[in-house]
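Novice: First, the structure itself, so that you have it in front of you.
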Amino acid sequence: MNLSANFTLKELTKSDTATRLGIDNTPDEATIENLKTLCENVLQRVRDHFGKSVTVNSGYRSPESNAAVGGSKTSDHCKGQAADIEIDGVPNPELAQWIMDNCDYTQLILEFYTQGQPSSGWVHVSYDPDNLKKQELTAVKVAGKTQYLPGLQA
């Protein structure tokens, strides 16, 4: 099932963790609509701009698969409103900056980027049409714990 011109339901629901643990990661119809909205408003625009495949590291997560990966209980991934993405050959800070400058979104997080290592980390983007607050954060590990810093800090 296509969610947009270049994104499928299969790639937005793929979860190695769910497969490994035998967890059903099938979204309901409302969640599929949220995934379509995310793809149409952010992911497809990214794909069209960069002209390269967008790797979705994590899209929809059922509550069980979200818990298995240690995700927040209120994660937008569980509603089909978030994806963690990368593009081969595009530095993650550049990808995050382009989204910030050109898309509406709820939250944009440059996650675990290491200065001088362009492909390190990934970009988390969420899209809730009822809450397009355009919040930017940078996730870093400090003493083994994740901290969220304001803004995109590369």
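The values are calculated or read from the model by the stated rules, or taken from the named source; none is laboratory data. Small disclaimer: the values here were computed from a predicted structure and weren't measured. With ideal geometry, Cβ positions are generated from the backbone for all residues, glycine too; neighbour counts draw on all protein chains shown.
Novice: So which residues in segment 65-98 are of a type outside the set (G, A, S) and surrounded by fewer than 16 Cβ atoms within 10 Å (Cβ to Cβ), if there are any at all?
Specialist: V69, K73, T74, D88, E94
Novice: For D101, state whether it is within 17 Å of N57 (Cα to Cα), surrounded by fewer than 19 Cβ atoms within 10 Å (Cβ to Cβ) and either of a type in the set (A, V, I, L, M, F, W, C) or over 13 Å from the mean Cα position of the chain (by Cα) (or both).
Specialist: Working: within 17 Å of N57 (Cα to Cα): no; surrounded by fewer than 19 Cβ atoms within 10 Å (Cβ to Cβ): yes; either of a type in the set (A, V, I, L, M, F, W, C) or over 13 Å from the mean Cα position of the chain (by Cα) (or both): yes.
The answer is no for D101.
Yes/no matrix, rows are residues, columns are (1) at pLDDT 95 or above; (2) closer than 14 Å to L43 by Cα:
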| position | (1), (2) |
| --- | --- |
| V125 | yes, yes |
| L132 | yes, no |
| A139 | yes, no |
| A154 | no, no |
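Novice: Taking only segment 1-54 into account, find how many residues are surrounded by fewer than 15 Cβ atoms within 10 Å (Cβ to Cβ), of a type in the set (D, E, K, R) and outside any helix (DSSP H, G or I).
Specialist: 3
Novice: Would you tally the residues in segment 121-137 being on the phi > 0 side of the Ramachandran plot and surrounded by 18 or more Cβ atoms within 10 Å (Cβ to Cβ)?
Specialist: Of the residues in segment 121-137, 1 are on the phi > 0 side of the Ramachandran plot and surrounded by 18 or more Cβ atoms within 10 Å (Cβ to Cβ).
Novice: In the set L3, L35, which member is more than 23 Å from E111 (Cα to Cα) and not hydroxyl-bearing (S, T, Y)?
Specialist: L3
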